[in-house]
Amino acid sequence: MRIIDTNYLLRYMLHDDESMFQKASRAIESGASTRLESIPEVIYVLAKSFGVSRIDIATALTDLLDDIVVPQKELVLDALSLFSKTKLDYVDCIYIAESKARNERVLTFDRKMISKMRQLGIPE
């Protein structure tokens, strides 16, 4: 199994360079993994550089995670779901998803995050 970085993920998802897309496709088809750190990078590039909507980003990454290995996959999927439904940053969504999964409090001064955690019944 190979570890693919953010650039491989983006070339695969965007299919904007045929040669790079083919290399990324072969790597994914033969078994690939990525690091948790790549997910927020992909989100940032897709949103800021390509104007992709939050829902489309979450859908595309969720689909991609069917084909690659990522640590804490369920946590990432939960965070992507929350990201698609809110205006929270992805990293805030990770904190909330982890808080739910571990039944632990997140200490923050971020009012949007506090509000969303209250809505979800997560203790402050």
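Each reported figure results from applying straightforward, stated rules to the coordinates on display, with no laboratory input. Treat the numbers as computed from the prediction; the structure is a model and nothing was measured. Cβ placement follows ideal geometry from the backbone for every residue including glycine, while neighbour counts extend to all protein chains displayed.
Dipole magnitude for the chain: about 440 debye, using +1 per Lys or Arg Cβ and -1 per Asp or Glu Cβ, origin at the Cα centre.
Among the listed values (1) 203; (2) 95; (3) 164, the one matching volume of the Cα convex hull per residue in Å³ as calculated from this structure is (2). Of the GluC sites (Glu not before Pro) found in the range 72-109, the ones in coil according to DSSP and having at most 14 other Cβ atoms within 10 Å of their Cβ are Glu104. Taking the chain as the region of interest, the number of lysine pairs whose Cα atoms are within less than 23 Å, with members eight or more places apart or on different chains, is 15.
Can you give the relative contact order of the range 72-124 as a percent, counting alpha carbon pairs under 8 Å and 6+ residues apart?
Values: 43 pairs, mean separation 15.1, N = 53.
For the range 72-124, the relative contact order is 29 percent.
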